[in-house]
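The values are calculated or read from the model by the stated rules, or taken from the named source; none is laboratory data. On a predicted model such as this, the values are computed, not experimentally measured, just so you know. No Cβ is skipped: glycine too gets one built from the backbone with ideal geometry, and neighbour counts run over all protein chains shown. Surface accessibility is based on the protein's heavy atoms, side chains included, excluding ligands, DNA and RNA. Shrake-Rupley method; radii C 1.70, N 1.55, O 1.52, S 1.80 Å.
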Amino acid sequence: MTVDAPAPPARWRLSRAAVLVAVFVCAACGLVYELALVALGSYLIGDTVGQASIVLGVMVFAMGVGALAAKPLQPRSAPAFAAIELALALLGGLSVLGLYAAFAWLDLYGPALVATAFVLGLLIGAEIPLLMVLLQRIREQAAGSAVADLFAADYVGALLGGLAFPFLLLPVFGLLKGALVVGAVNAVAGLALVCTVFRRELSRRARVALGAGSVVVFLSLGYAWVTAHDFELTARQQLYRDPVVHSERSRYQEIVLTRSVAETGRAGTDLRLFLNGDLQFSSVDEYRYHEALVHPVLNGPRGEVLVLGAGDGLAVRELLRYPDVRRITVVDLDPAVVALARSEPQLRRLNGGALDDPRVRVVHADAFAWLRTAPDRFDAVVADLPDPDETATAKLYTVEFYALVRAVLAEGGRLVVQSGSPYFAPRSYWSIEASLREAGFATTPYHVDVPSFGDWGFLLAAPGPTAPALALPPDAPALRFLDAATLSAAGSFPADRGRVDVPASTLLQPHVLEYARAEWRGY
């Protein structure tokens, strides 16, 4: 007959639970720090995959180094763990602020990101070995069981951090303040464990040192919290030439409006819209871009028009100049851009209140996903989408995307695509053209001069073997920039900017993303 071992005392159970809770919280905080660095990089640089690869690769490597570096600390694991958590809370909490400052003022974002990710990974890697020692001091158990308990708490904590970051921290606090909140939670979790369960292992000197360190950490995080708004305004203004008059971080992007006295010699102001730092238009010359984008595609059937992107309402303004356009469906991902276009007085004057016209219906959806289930057919499609320099937007310039567009075109329908600069980014431009051809379109390339952008290109396309004619509609309204002669010249490319033989871009091989990043680097 066997006899069951006596149940552990309640104190052991509580102490062991406290260690596992600390593992849980620290794991959640560590993952949030990683996600915050990736998110900041995607906002500032735009290369989500590249930023994630750098951050995760450096941090995982540093975690291994940190685990080895923690070996000499194991005899004094309790004070060492508390000190590491304070350092992690300070660095992790201030990481977004520091990297934003490095980007805005010092132009050292890349090296600063690598250094920050390495030190954070080093500290995170030292946590588990020390927590393992602390767990074994409460009640010695088989190594396999202890590892299983620790890693179970660690992985569940990581799940919590991964879910809390996009669904709680970002919407409620934003990126900068969200990191500060997590830093404070991290510090409290580490101190609470050591100062309760393992307080007897702290010498008087260790208590004084940890107390002083705690004061420094919480004062630093608190000061950063109080000054976060002013810091963000100052840093953001550093990134833009003109005064920032509106800024917000939507669920999808950073939206900034700047305004200054126009530099054209005429009276008035220059209103500029930036999304994630990329210029979308300048009120001084946006009419050149939007006239070239919209009017050629309307030289044919145009009763039903689909606009992909263009949440600022400027392309829709041009479409509404034709009385026989019966309905315009605008598919734009970000409600915040559309709300700004409807409410900001100067922007609303610029777009003529186009988005509130009864002929206009606005749908907030991802264009790729929406096209897959689109119930209607359209006579003309205007693709005024962000440049393909990010993973999220590159899919909107692929063969698969244009095949979806072709499926929603009515008989005789036409498509126009804003395609970047054939001068600054020729491989990107001609890769988009190749993607259209592979999707079954015949194309007519053309380009115009938009001073704010430089030489800017478009692609007019129609299904089938015959390329659409590049001409204005016979009943086109009087335009400020575009006329028949200008449009005819737009179809001519100089010898040093002729067609480039590059492959089409697909979902699995997004060549246009590679080209856009390489060609726009430095501009």
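Charges only on Cβ, +1 for Lys and Arg, -1 for Asp and Glu: so what's the dipole of the chain about the Cα centre, in debye to the nearest 20?
Rounded to the nearest 20 debye, it is 1920 debye.
Take the alpha carbon atoms of segment 463-523, find their center, do the same for segment 394-444, and report the distance between the two centers in whole angstrom.
Rounded to whole Å, the Cα centres lie 9 Å apart.
Taking all protein chains as present, what is the carbon and sulfur share of the accessible area of segment 415-495, in % to the nearest whole number, probe 1.4 Å?
Ligands and nucleic acids excluded, carbon and sulfur give 56 percent.
Can you tell me the order of 332-341, 304-313 when each peptide is scored by its average per-residue count of other Cβ atoms within 10 angstrom, highest first?
Packing proxy ranking, top to bottom: 304-313, 332-341.
Residues in segment 117-136 near a label at VAL21, defined as backbone nitrogen under 19 Å from the 7 Å Cα→Cβ point?
131-132, 134-136
Cα gyration tensor of segment 203-314, axes a ≥ b ≥ c as square roots of the eigenvalues: rounded (a/c below 1.5), prolate (a/b > b/c) or oblate?
prolate
Assuming R0 = 22 Å, can you tell me the calculated FRET efficiency for the pair ARG200 and GLN136, based on Cβ-Cβ distance, to the nearest 0.05?
0.85
Tell me the carbon and sulfur percent of the accessible area for segment 179-334, rounded to whole percent, probe radius 1.4 Å.
56
I need the semi-axes of the equivalent ellipsoid of the chain: take the C-alpha gyration tensor, multiply each eigenvalue by 5, square-root it, list largest first in whole angstrom.
Over the Cα atoms of the chain, the semi-axes work out to 56, 24, 20 Å.
Count the net charge of all other residues whose Cβ sits under 11 Å from the Cβ of ALA310, scoring Lys and Arg as +1 and Asp and Glu as -1.
For residues surrounding ALA310, the net value is -3.
LEU68 to GLN346: extension gain in nm, 0.36 nm per residue of separation minus the Cα-Cα distance?
Length difference between fully extended and current span is 94.2 nm.
Mind putting a number on the dipole of segment 436-523 about its Cα centre? Charges go on the C-beta only, +1 for Lys and Arg and -1 for Asp and Glu, and I need it in Debye to the nearest 20.
100
List every DSSP H helix in the chain whose Cα atoms extend 15 Å or more along the helix's own long axis and whose mean Kyte-Doolittle hydropathy is at least 0.5.
Flagged H segments are 10-44, 48-69, 77-101, 109-138, 143-164, 170-196.
Apply the a/c threshold of 1.5 to the C-alpha gyration tensor of segment 158-255 and tell me whether it is rounded, prolate or oblate.
oblate
What are the GluC sites (Glu not before Pro) within segment 392-437 that DSSP puts in a loop, where the Cβ has at most 15 other Cβ atoms within 10 Å?
The qualifying sites: there are none.
At a Förster radius of 45 Å, what calculated FRET efficiency corresponds to the Cβ-Cβ distance of LEU56 and VAL500, to the nearest 0.05?
Approximately 0.85, to the nearest 0.05.
Averaging over all projection directions, find the projected area of the Cα convex hull of segment 472-523 and quote it in nm² with one decimal place.
Result: 6.6 nm².
Along the Cα→Cβ direction, 7 angstrom out, place labels at LEU168 and TYR223. What is the inter-label distance in nm?
About 2.9 nm separates the two model spin labels.
Please give the contour-minus-distance gain from ARG13 to ALA489: 0.36 nm per residue of separation, less the Cα-Cα distance, rounded to one decimal in nm.
163.2 nm
Suppose all protein chains stay in the model; what accessible area per residue would a 1.4 Å probe give for the chain, in Å²?
It amounts to 44 Å² per residue over the chain.
May I ask which residue of LEU355, LEU385, TYR402 lies farthest towards the positive end of the charge dipole of segment 314-407, with charges of +1 (Lys, Arg) and -1 (Asp, Glu) on Cβ and the Cα centre as origin?
Of the candidates, LEU355 comes out farthest on the positive side.
For ARG377 and GLN509, compute 0.36 nm times the residue count separating them, minus their Cα-Cα distance, and round to one decimal in nm.
Between ARG377 and GLN509, full extension yields 44.6 nm more.
Which of the peptides 177-189, 319-331, 223-235 is most tightly packed, and how do the rest follow, going by the mean number of other Cβ atoms within 10 Å of each residue?
Per-residue mean Cβ counts within 10 Å order the peptides as 177-189, 319-331, 223-235.
Using the Cα centre of segment 193-327 as origin and beta-carbon charges of +1 (Lys, Arg) and -1 (Asp, Glu), tell me which of THR196, ALA212, GLN253 is placed farthest towards the positive end of the dipole.
THR196
Shape call for segment 314-416 from the C-alpha gyration tensor, a ≥ b ≥ c root eigenvalues: rounded (a/c under 1.5), prolate (a/b greater than b/c) or oblate?
Judged from the Cα gyration tensor, segment 314-416 comes out oblate (a/c at least 1.5, b/c at or above a/b).
Carbon and sulfur together cover what percent of the accessible area of segment 78-173 at a 1.4 Å probe radius?
74
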